[in-house]
Structures are given as C-alpha cells and as structure tokens.
Amino acid sequence: MPKIAEATRAARRDQIVAAALACFARTGYHATTMADVAAQAGVSKGTPYLYFDSKQALFIALHEEWDCGLADRMNAAIAALPDAGRRSPRRVLHAVAATCRVLMEARALAAHEPAIAAAVRAADTRTHEQLEGLFTAGVQAGEWPAGTDPALAARLFTAGLYGLMAQWHLAPGSFSWQAAAAALADGRAPGTEGAVSLADA
C-alpha cells in the first residue's frame, strides 16, 4: 500500500476513534450507534465498519489507545515538573477526570462483555501506577499536602470516578460530568471555595 494511502487511512481511523470518544462520553456505550459515530466524524454510515468490525471492537480500540495515551500524558507531566510554567499534576488530573467517563464505563461493561473485560484487566494495574505517580509528583510540587498518601489518593480518585459513573447510569444527564469530574480532581464539592485535600478523606 502506498505511503500516502497508508497515511490517509491512519488519519481517517484516528478521526473515527476521536468521534467515538465524543459519542461514548456524551451518551454512553449502549446508547451510541455506529451511525452516531459516523455522523460525528462526518463520514458515511458504512465507513466506521471499514476500520472496525463492530461497536464493541471500536470501543475496545478506543479504550486501549486512550489508556496508553493517558499513561503518556502522565509521564510527560511528571517529567516536566522541574521546569516552571509546565502543566501541573493537578491540571493533568483535571483532564483525566473529565475524559475518564469512557474508561470507567469500560469497567462497568466488563461484567457483561468478556472481550472488554480482558482489555480492562490488562490496563488496571498500569492505570493505578500512573495515578499514584501523578499524586507523588503533585506532592513533590506542593500541589497536594505533604501528608498525602499517593497510593490511597489514587484509590480514592478511582473510587470517586466509579461512583460518578454509577450515578450517571442511574440518571443519565442528571448532572454535569465535567463539573463533577473537576470537583473530584480538586477534592472539593462543586461551588465551594476551598479544596479539601485527598489526604484528609
């Protein structure tokens, strides 16, 4: 296959994956259709099937690619800490929380979808280690109190995301995911002035 064709195909695949992320984050796995993804990507209804056999295959690809991207973003943020003005661990955590709805839904679906469960199990340990590293870096940068336990903070952060996901499934659209995720990353209730340290939880 010519290099130009390969590049075009790769770009179209990335376009479909990005559209899927937007759709799954907006309406969830079950409510999203491949036609929705096609419309979001601005392509014909059959185009996503040229790259993915099914919605499940697309979801798994999205989960795996985004999870790896999450690790890369965390590592980059930690490596950049000595240089003033670079993205802070707390800001990275905001981005993680805002987009993690798709990753959390993958864990909810794992109980019923064996293929998704396999992808989730492969990612869990790595994700926790990355979150723990992010909190460790944040403590060193003074963004969280010196007494913060990074491992516990990572567990509490993940548990909070699970809780938000459970509430969203019970009453979809009943709250702003972005606002709730930002509040979780800050360790505070929406609308409050001061942040509550995860170390105090």
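The values are calculated or read from the model by the stated rules, or taken from the named source; none is laboratory data. Bear in mind that the values here come from a model prediction, so they are computed numbers and not experimental data. Here the Cβ positions follow ideal geometry from the backbone for every residue, glycine too, while neighbour counts run over all protein chains shown. Protein only, heavy atoms only, side chains kept; ligands, DNA and RNA dropped before computing areas. Shrake-Rupley method; radii C 1.70, N 1.55, O 1.52, S 1.80 Å.
Conditions tested, residue by residue: (1) free of Cβ contacts under 8 Å to residues at least 40 places away in the same chain; (2) out of contact with any Phe, Trp or Tyr (no Cβ under 9 Å at 6 or more places or on another chain); (3) in a helix (DSSP H, G or I); (4) at positive phi.
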residue: Leu21; (1), (2), (3), (4): no, no, yes, no
residue: Tyr29; (1), (2), (3), (4): no, no, no, no
residue: Thr32; (1), (2), (3), (4): yes, no, no, no
residue: Ala35; (1), (2), (3), (4): yes, yes, yes, no
residue: Ala39; (1), (2), (3), (4): yes, yes, yes, no
residue: Lys45; (1), (2), (3), (4): yes, yes, no, no
residue: Ala61; (1), (2), (3), (4): no, no, yes, no
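Just the residues that are within 20 Å of Ala181 (Cβ to Cβ) and open to solvent by less than 30 Å² (accessible area, probe 1.4 Å), please, taken from the stretch 23-55.
Passing the criteria: Cys23, Phe24, Gly28, Tyr29, Thr32.
Looking for whichever is modelled with pLDDT of 85 or more, of a type outside the set (A, V, I, L, M), over 14 Å from the mean Cα position of the chain (by Cα) and not in a helix (DSSP H, G or I) here; the options are Gly142, Gly191. Which one fits?
Step by step, each of Gly142, Gly191 is checked, and only Gly142 is modelled with pLDDT of 85 or more, of a type outside the set (A, V, I, L, M), over 14 Å from the mean Cα position of the chain (by Cα) and not in a helix (DSSP H, G or I).
His94 is checked against (1) touching a helix residue (DSSP H, G or I) at 6+ places or on another chain (Cβ under 7 Å); (2) at pLDDT 95 or above; (3) open to solvent by 40 Å² or more (accessible area, probe 1.4 Å); (4) not polar (S, T, N, Q) and fails just one. What number does that condition carry?
(2)
Pull up the stretch 119-133, narrow it to residues that are within 30 Å of Ala57 (Cβ to Cβ) and at pLDDT 80 or above, then point me to the one that is most open to solvent (accessible area, probe 1.4 Å).
Here the answer is Glu129.
Which one is modelled with the highest pLDDT, of the residues in the stretch 145-174 that are open to solvent by 50 Å² or more (accessible area, probe 1.4 Å) and in a loop (DSSP other than H, G, I, E, B)?
Among those residues, the one meeting the criterion is Asp149.
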